[in-house]
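Asks: Here it is: the structure, laid out below.
Each value in this text was obtained by applying a stated rule to the coordinates, not by laboratory testing. Just so it is clear, the model here is predicted, and its values are computed rather than measured. Quick reminder, even Gly has a Cβ in these numbers, built from the backbone with ideal geometry, and neighbours come from all protein chains shown.
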């Protein structure tokens, strides 16, 4: 199916695509079921997994990957076999609404493209559904303890990834219009410690960080090339300076602020490190 035909295919079926976006570690997976419940969203795509209710129906988890590059590719369905398996499951499911979870709009648009569904028509931001205090608490737990959440019961995770399971939790949800004699609805979520963040604080060389930044640039805009990456280690994390080469006539589709955010979020989420700043220097050529 070409892109236009695929778009019409899903539109004719009445499919609506949503997204939940927020920086790494802010509690998106933790709150995803509450958003899905409120807006009657049947399917969730989170870190390489296709989730329906309390079941994983397709995909593989980026949280089981042992390094940054593999985790990024899994979350973005970069592997054709992974993508095709998930796409086949999508086409078999009877659903009307699906939500993609990502660290940026760029990421969820990339996932939508790989899964051959329309771009999200409504994007929820974590700041709109969680308080500042809740977000700060989630980030503190993520970066001090390396803990992540997968929004399905623990038994679903232990079947495939028992080595990363850390604990489980139950989250209670009550609609404000719910009748007083009806019970609150509870969702079970699994706390995991991924392979790429389970060994405590991680330190990296400039060479390793350079490779990660090169990968981010290739995903973000393949015409932009990394010339040099230097770093300073500060108390709040890695301060990166990135020199880029861009063709003279090339029009960058996004702002540099979006690129800075994309690099920082990707390195924090899949590299297991703190990024205090990303400074960009542009050099034109050609």
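Asks: Return 80, 54 ranked ascending by Cβ neighbour count within 10 Å, so the fewest neighbours appear first.
Replies: 80, 54
Asks: Looking at the square roots a ≥ b ≥ c of the eigenvalues of the Cα gyration tensor of segment 20-67, which shape do they give, rounded for a/c under 1.5, prolate if a/b is larger than b/c, or oblate?
Replies: Verdict is oblate for segment 20-67.
Asks: Order of 233, 123, 98 from fewest to most other C-beta atoms within 10 Å?
Replies: 233, 123, 98
Asks: In nm, give the distance between the simple-model label positions of residue 280 and residue 78, each being 7 Å from the Cα along the Cα-to-Cβ direction.
Replies: My value for the distance between the label points is 1.9 nm.
Asks: To the nearest 0.05, how large is the calculated FRET efficiency for residue 93 and residue 137 if R₀ is 30 Å and r is the Cβ-Cβ distance?
Replies: 0.30
Asks: Per-residue counts of other Cβ atoms within 10 Å, averaged by peptide: what ranking do you get for 70-76, 14-20, highest first?
Replies: Final packing ranking: 70-76, 14-20.
Asks: Figure the gain on full extension for residue 42 and residue 69 (residue separation times 0.36 nm, minus the Cα-Cα span) and round it to one decimal in nm.
Replies: 6.7 nm
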